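Following: one structure in structure tokens, then a few remarks.
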Amino acid sequence: MAAHEVIYTRNLMASRALDAEIDRLYQLPLEEFTAARNVVAKGAGSEAARIRALAKPPIAAWAVNQLYWKNLDIWNALVAAGENAQKAHRAVLAGKSADVRAASKVHEDAVEKALRATLAVLKSAVHETADATKHAIGTTLRALPGDETPGRFTRTLQPAGFGMLTGLSIAAGPVKPQKPALVKPTAAAAQPSQPKVDVKALTRARQAAAEAARVLRDTENALRRDEFEKVRTEREEERASQAAAKATSLREAAAEKAEESRRALSTARKRAEAAADALKAIENSR
């Protein structure tokens, strides 16, 4: 492997390890965030300033983060339902056919399920669930998918409403008919109108796209978890190796001291025997 490839690989591994550490920060109990962030920053080298700038999330944002880390299936279902509701609204505003009511119902059910799961996380963490906190969690869940990195929210979100449809052209409403001018028919006028869109096929295509997006998110999340576990395992192996080396060194030092003690004991015995023989000789000479 070329030198530049080695450097690139090392930098990539370091970047992934740092990302895993950042993910771990947002999974910790909220009261441990600041101290743990500062510890990570000390070992982050050139990235230290970026790590120190990571904001401690408010309780509602922290709770939504835990939903992502602890209940990924519920999270993905909520995001898929939100995306489907957005598509339905966009289709209607663009003059197309879509079942907005059904999409909104599915989305609301997903929000309610996610809210219950998030409040359960708060309860298990022995955090107060004030009405303001519940409201902030609910509005954040309804705002998903958002622009922030999942699992690393540093603020609560607000549903965008029809603002999420900015930039879309709204289909024109009915226009009051006017008396047509007397013109000769053209070839274009004689052409048949465009066929209607197959709504069922369009719905199936959207569902397939949503499912593909969900599978992609699941795969990406699984990869991030596997990389985090790999880094953690490598760190534990390194610590275990260091502990084993230290134990070996201590064992060798103890063995050396034991040998010295055996030699000292042998010398002491010889001296004791010589002293006893000398004492015996003196007593016999009387």
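A short reminder: the numbers here are calculations on the coordinates, not readings from a lab. Quantities reported herein were computed from a predicted structural model and do not represent experimental measurements.
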If Rh is defined by the Kirkwood formula over all Cα pairs and Rg also comes from Cα, what ratio Rg/Rh do you get for the stretch 34-114?
1.23
Dimensions in Å of the stretch 57-162 - Rg and Dmax from alpha carbons
14.1, 49
Pairs over 20 Å Cα to Cα, from K42/K70; K87/K134; K70/K123, come to K42/K70; K87/K134
